[in-house]
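Okay, structure first, notes after.
What follows draws every value from the coordinates through simple rules; no lab data is involved. Worth saying up front: this structure is predicted, and the values here are computed from it rather than measured. Neighbour counts run over all protein chains shown; Cβ positions are idealised from the backbone, glycine included.
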Amino acid sequence: MATRGLKLNSLSRYSKQSPMLILEEHDHCEVPAGCGGVVLRWTNPQREIPLKLYLIQNGDLRLYIDGYLYKNQYLEIGRHTIAIEVTGFEPGYGLFMFGSKISEKIEGSEAVPNDTTVRCLSQSDGSWKYTLNEPGSDSWLFNGFDDSSWKPMIEKPLPNSDEQKRENKFAVWETLGSKELGINEKRVKSKKVWVRKEFNLSL
């Protein structure tokens, strides 16, 4: 029987690669749908920029950007949603202080400036909102969610804030202009707080 150049298990012909794109891998617990599997995502360094986050917190915190657990990710130019779940916090104090800026220039990309431009900060401007009632679905993680019933966060010091400042441990956030934010509640029966903010990312 004549051979026709067939090869067994030649699956490489279905592989994809691109000199213009970067393939990101997110493990199975980094998406709100739950565990089990892996998420692969192509990113374009010409349209996306690396955002570096600075965060100090009271309690345990899970931070999502556009529904994904944050992991030094690239973000497309445009509108995004930061969503935070806070548990195990010490009542009566602020919950976190947040800052972000463009990180280093991506190799091969001319669209990303090599600077330290601040992009998003924790400030009591009404854009950071919270609720003590568990959202009914994952829609709160994304743009366009109706958070009109959520309350605005207020400036509230973190535990040992004065000591931290004396020891210059808040220097990064103070340089960026971040503020310590908390919830406007005298008594908190809930053991969990949900926080969200939408922001625009541009060059």
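DSSP loop GluC sites (Glu not before Pro) in the stretch 159-200 with at most 16 other Cβ atoms within 10 Å of their Cβ, which ones?
Taking the stretch 159-200 and a limit of 16 other Cβ atoms within 10 Å, the loop GluC sites (Glu not before Pro) found are Glu167, Glu185.
Counting only Cα atoms, I'd like the Rg/Rh figure for the stretch 49-201, Kirkwood definition for Rh.
Details: Rg = 15.7 Å, Rh = 16.2 Å.
Value, to two decimals: 0.97.
Just subtract the alpha-carbon distance of Glu185 and Glu85 from 0.36 nm times their residue separation and send over the number in nm, one decimal.
Taking Glu185 through Glu85 to full extension adds about 34.3 nm, to one decimal.
5 Å is the cut-off here: which amide hydrogens, built 1.01 Å from N in the peptide plane, fall below it relative to Leu158, excluding neighbours closer than 5 in sequence?
Counting only residues 5 or more places away or on other chains, the set is Gly94.
For Lys151 and Glu134, compute 0.36 nm times the residue count separating them, minus their Cα-Cα distance, and round to one decimal in nm.
Computed gain between Lys151 and Glu134 is 4.7 nm.
Note down the net charge around Glu163, summing +1 for each Lys or Arg and -1 for each Asp or Glu among other residues with Cβ under 15 Å from its Cβ.
Neighbourhood net charge equals -2.
Can you work out the Karplus-derived ³J(HN,Hα) for every residue in the stretch 51-66? Use 6.51 cos²θ - 1.76 cosθ + 1.60 with θ = phi - 60°, whole Hz, and x for glycine or proline.
10, 9, 9, 10, 9, 10, 9, 10, x, 9, 9, 10, 10, 10, 10, 6
Count charges around Gly177 for me, please; just the other residues with Cβ under 13 Å from its Cβ, Lys/Arg as +1, Asp/Glu as -1.
Numbers: positive: Lys101, Arg119, Lys179; negative: Asp125, Glu155, Glu174, Glu180.
Summing Lys and Arg as +1 and Asp and Glu as -1 gives -1.
For every other residue with a beta carbon closer than 12 angstrom to the beta carbon of Thr81, add +1 if it is Lys or Arg and -1 if Asp or Glu, then tell me the sum.
0
In nm, what is the difference between 0.36 nm times the number of residues separating Glu76 and Asp125 and their Cα-Cα distance?
Extending this stretch completely gives an extra 15.2 nm.
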